[in-house]
Amino acid sequence: MGMFDLEEQFSFYGAYHNNPINIALHMVFVWPILFTALLLLNFTPPLFAQSPIHLLGQSFLVLNYGFLYTLVYALYYVSLDKKAGSLAAFMCFLCWAGSSFLGHRLGFALGWKVVLASQLLCWTGQFIGHGVFEKRAPALLDNLAQAFLMAPFFVLLEALQYAFGYEPCPGFHARVQAKVDAEIRAWKESKNKKIS
């Protein structure tokens, strides 16, 4: 599976997220996971000596690992689809700026507790979505890096498709759904063979 093949990436992820309730839970919980991960990375040291960015009279934006993480995600999303990827990149930078501001206000002593509580809540919600509604293990058990990298973009594309009928290219969702259906059929057949 090519890392820059949006149709393949979306099909892989979609095969693990086909139940509407599970999809809704992911729409609620995925971006907060990214936000709080960036909040924790806000406390990493600057990559450059002169890296604080002064904004609104404060210097809470620091070019650290949180920024690097954001930059990688943003560039990856834009490379997959210019329109939705640009929106996702903008959202990633908003998360970085917001988490940097919050980290600056909370400090590490309280910040890591906020991260821990949020991560536990969000991951629990997603595991409930998979176990109770999807009845399939999460994608991260089969491809950890792909699942983490694609999750925010996947839920954004789902929301754009649902709200506006957005497709990265004509026929995208029909082709993806056909691949998702085939993958789910193959998974169910494999599961049934193991049982019998």
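The values are calculated or read from the model by the stated rules, or taken from the named source; none is laboratory data. Predicted model, so just to flag it, every value in this text is computed and none were measured. Please note: Cβ atoms are built from the backbone with ideal geometry, for glycine as well, and neighbour counts cover all protein chains shown. With ligands, DNA and RNA removed, areas are computed over all heavy atoms of the protein, side chains included. Shrake-Rupley method; radii C 1.70, N 1.55, O 1.52, S 1.80 Å.
Only protein heavy atoms count here; on that basis, with a 1.4 Å probe, Leu120 has an accessible area of about 100 Å². With the full set of protein chains in place, find how many percent of the accessible area of the range 1-120 is carbon and sulfur; take the probe as 1.4 Å. Roughly 73 percent of what the probe reaches on the range 1-120 is carbon or sulfur. Taking a straight line from the alpha carbon of Lys135, these lysines sit under 24 Å away, with near neighbours fewer than eight places off in the same chain left out: Lys179, Lys188, Lys191, Lys193, Lys194. Calculated from the structure at hand, Rg and Dmax of the Cα atoms in Å is found among (i) 17.7, 59; (ii) 18.3, 67; (iii) 20.2, 77 as (ii). With protein chains left intact and a 1.4 Å probe, residues in the chain average 54 Å² of accessible area per residue.
Taking only DSSP H segments of four or more residues, each worth -39500 (n - 2.57), what value at 222 nm results for the chain once the sum is divided by all its residues, to the nearest 500 deg cm²/dmol? Intermediate results must be reported in sequence, preceding the final value.
Values: 6 runs with 139 residues, N = 196.
Rounded to the nearest 500, it is -25000 deg cm²/dmol.
Extension gain, Glu8-Leu94: 0.36 nm per intervening residue step, less the Cα-Cα distance, totals 28.2 nm.
With a ≥ b ≥ c the root eigenvalues of the C-alpha gyration tensor of the range 129-196, is it rounded (a/c under 1.5), prolate (a/b larger than b/c) or oblate? Don't skip to the answer; put the middle values down first.
Numbers: a/c = 2.25, a/b = 1.57, b/c = 1.43.
Judged from the Cα gyration tensor, the range 129-196 comes out prolate (a/c at least 1.5, a/b above b/c).
Using a Gaussian network for the chain with springs between C-alpha atoms less than 10 Å apart, which of these wobbles most: Phe153, Phe93, Phe172? In the Gaussian network model the winner is Phe172.
First select every other residue whose beta carbon is under 11 angstrom from the beta carbon of Lys135; then total the charges, Lys and Arg +1, Asp and Glu -1.
On the way: positive: Arg136, Lys188, Lys191; negative: Glu134.
Result for the local shell: +2.
Across the chain, the relative contact order, built from alpha-carbon pairs under 8 Å that are at least six residues apart, equals 32 percent.
Remark: the Asn192-Ala109 segment gains 24.9 nm on full extension, using 0.36 nm per residue and subtracting the alpha carbon distance.
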